[in-house]
1. Ranked highest first by average number of other Cβ atoms within 10 Å, how do 36-49, 56-69 line up?
2. So for the pair VAL132, THR37, with labels modelled 7 Å out along Cα→Cβ, what separation do we get in nm?
3. Rounded to the nearest 0.05, what FRET efficiency do ASN177 and SER79 give with R0 = 22 Å and r taken as the Cβ-Cβ distance? Could you check?
4. Fully extended, how many nm does the chain gain between ILE20 and ARG122 (0.36 nm per residue separation, minus their Cα-Cα distance)?
5. Could you give the length gained on full extension between GLN56 and ASP151, defined as 0.36 nm per residue of separation minus the Cα-Cα distance, in nm?
6. Any idea what log10 I(q)/I(0) is at q = 0.19, 0.24, 0.29 Å⁻¹ for segment 1-58, Debye with uniform C-alpha scatterers and no solvent?
Amino acid sequence: MTHELSESELFEALHYAKSIDEETGAQIIGQFQLEQTALAEIMFGMFPTFIAEQNQEMSYLFMDLCFDVLCVFQKAFGSLPSQNDMNFDWLEKQATLLAPEFKSLVKEQHMDEQIRSKLQDRFIQRSSEETVQRDLVNFMNAAIDDFALEDASRAPATKITQTMISIVIRLFSNLYNNANKTS
């Protein structure tokens, strides 16, 4: 079961994430893609695509931050469970529950703007309410804010990037909690 990381645990895990060399980082991502194919596709495929619709640079930052989140959870809570070793239906259930909100984030999806706005607000509210690891979320949000301040063209993608990183953190918490329930 995951717990809220203390300031020192979070600092140690973030320091670990930032100290990883490129070769080791590639190995970590490769292993993650093998062990958690669905989650990897969401983090490094689907979510960055939504963000890139507003700003490509923010989507790259998002993927970097996802790597940091992956490393923080591994450092703090141990190796990731493999989706093959688990009763792994929580991701499918969460995707089903989030589908309307996700559709509201896709600009090409035809939708009444009032409904779109309400779904987006609900998505953001639910994400912030359900997220554990608030200090990690706050750290990631600050990094996103700082990056957006460097170039005004990035600012429109700030909200979606922060929402998506919050969801990634929630998914990792759920992944570890679900693994502990099944083991």
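Please treat every number below as a calculation from the coordinates, not as lab data. Since the structure is predicted, the reported quantities are computational estimates derived from the model, not experimental observations. Neighbour counts run over all protein chains shown; Cβ positions are idealised from the backbone, glycine included.
1. Details: 36-49: 17.4, 56-69: 20.0.
Sorting 36-49, 56-69 by mean packing, highest first, produces 56-69, 36-49.
2. 2.8
3. Working: r = 15 Å, r/R0 = 0.69.
E(calc), rounded to 0.05, equals 0.90.
4. Working: separation 102, 0.36 × 102 = 36.72 nm, distance 3.62 nm.
Extending this stretch completely gives an extra 33.1 nm.
5. Values: separation 95, 0.36 × 95 = 34.20 nm, distance 1.23 nm.
So the chain would gain 33.0 nm between GLN56 and ASP151.
6. The Debye formula, applied to the Cα set alone, gives -0.99, -1.03, -0.98.
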